[in-house]
Amino acid sequence: MTVLLLMYVALAGQRAIVLLSSGETVGVVMGVALLVLPALAIWAIGRELWFGVRAQQLGERLDAEGGLPEEDLPVRPSGRIEREDGDALFPRYRADVEEHPGDWRARYRLGLAYDAAGDRRRARDAIRTAIRLETAARRTA
């Protein structure tokens, strides 16, 4: 997707230059729009890629510390955990976050539990919070 977006941005940028150089009001406005919208798309893709990098780094750090969950749950042929089994994990990790609200490790594990339960939005939110907490802890240390 990123490569396709970059191809689109290159083509849109080329078209924007043509429209901007037309000198007509409508062409200039469309040329500006063709520059702004792809820039927003690049920003959004960059943000998501950075999220992935940071989440991976925290996961590797937690794994090195031996803090990743080690449940042996049945999986579907696709490799995904059965949703009911993922739902059963959730209360334990939620309680850990409630006991340690400022601990990025607890938030990261909660994100993994949300993911196992199939709730991607909450999983991403929990992991984003873990990233913020870890960054803040690193800055104050």
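Which of (1) at pLDDT below 90; (2) out of contact with any Asp or Glu (no Cβ under 6 Å at 6 or more places or on another chain) does ALA117 not meet, given it meets every other one?
Here ALA117 clears every test but (2).
Quick one: which of ARG109, ARG105 is in contact with a Pro (Cβ under 9 Å, 6 or more places away or on another chain) and within 17 Å of GLN57 (Cβ to Cβ)?
Values: ARG105 fails: in contact with a Pro (Cβ under 9 Å, 6 or more places away or on another chain).
Selected residue: ARG109, the only one of ARG109, ARG105 that is in contact with a Pro (Cβ under 9 Å, 6 or more places away or on another chain) and within 17 Å of GLN57 (Cβ to Cβ).
Going through region 15-54 one residue at a time, which ones are modelled with pLDDT of 90 or more, more than 30 Å from ARG124 (Cα to Cα) and not aliphatic (A, V, I, L, M)?
ARG15, SER21, SER22, GLU24, THR25, GLY27, GLY31
Condition first: at pLDDT below 95 and in a helix (DSSP H, G or I). Can you find one or more residues in region 71-83 that meet it?
Initially, region 71-83 is screened for residues at pLDDT below 95, giving 71-83.
Those left that are additionally in a helix (DSSP H, G or I): 83.
Scanning region 71-83 turns up at least one residue that is at pLDDT below 95 and in a helix (DSSP H, G or I).
Could you tell me which of the residues GLY111, GLY118, GLY102 is surrounded by 13 or more Cβ atoms within 10 Å (Cβ to Cβ) and not in a helix (DSSP H, G or I)? Let's see the steps before the verdict.
Numbers: GLY111 fails: not in a helix (DSSP H, G or I); GLY102 fails: surrounded by 13 or more Cβ atoms within 10 Å (Cβ to Cβ).
The conditions single out GLY118.
Is one or more of the residues making up region 38-50 over 30 Å from ILE131 (Cα atoms) and assigned to a helix (DSSP H, G or I)? Talk me through it step by step, then tell me what you get.
Step one: of region 38-50, the residues over 30 Å from ILE131 (Cα atoms) are none.
No, that holds for no residue.
Looking only at region 32-53, which residues are touching a Ser or Thr at 6+ places or on another chain (Cβ under 8 Å) and surrounded by 14 or more Cβ atoms within 10 Å (Cβ to Cβ)?
Our first condition is that a residue be touching a Ser or Thr at 6+ places or on another chain (Cβ under 8 Å); within region 32-53, this holds for 45, 49.
Passing the criteria: only ILE45.
Modelled with pLDDT under 95, of a type outside the set (Gly, Ala, Ser), surrounded by 13 or more Cβ atoms within 10 Å (Cβ to Cβ) and over 28 Å from THR140 (Cβ atoms): is that true of VAL3 in this structure?
No.
Give region 14-56 a look and list any residue that's in contact with a helix residue (DSSP H, G or I) (Cβ under 7 Å, 6 or more places away or on another chain), among the charged types (D, E, K, R) and closer than 30 Å to GLY111 by Cα, or say none.
ARG54
I'm trying to understand the selection: among the residues of region 121-141, which are surrounded by 15 or more Cβ atoms within 10 Å (Cβ to Cβ) and aliphatic (A, V, I, L, M)?
Going through region 121-141, the residues surrounded by 15 or more Cβ atoms within 10 Å (Cβ to Cβ) turn out to be 122-131, 133-134.
Scanning region 121-141 gives ALA123, ALA126, ILE127, ALA130, ILE131, LEU133.
May I ask you to verify whether VAL97 is of a type in the set (Val, Ile, Thr), surrounded by 15 or more Cβ atoms within 10 Å (Cβ to Cβ) and touching a helix residue (DSSP H, G or I) at 6+ places or on another chain (Cβ under 9 Å)?
yes
The values are calculated or read from the model by the stated rules, or taken from the named source; none is laboratory data. This one's a predicted model, so the numbers in the text were calculated from it and none came from an experiment. Heads up, the Cβs are rebuilt from the backbone with ideal geometry, glycines too, and the neighbour counts pull from every protein chain shown.
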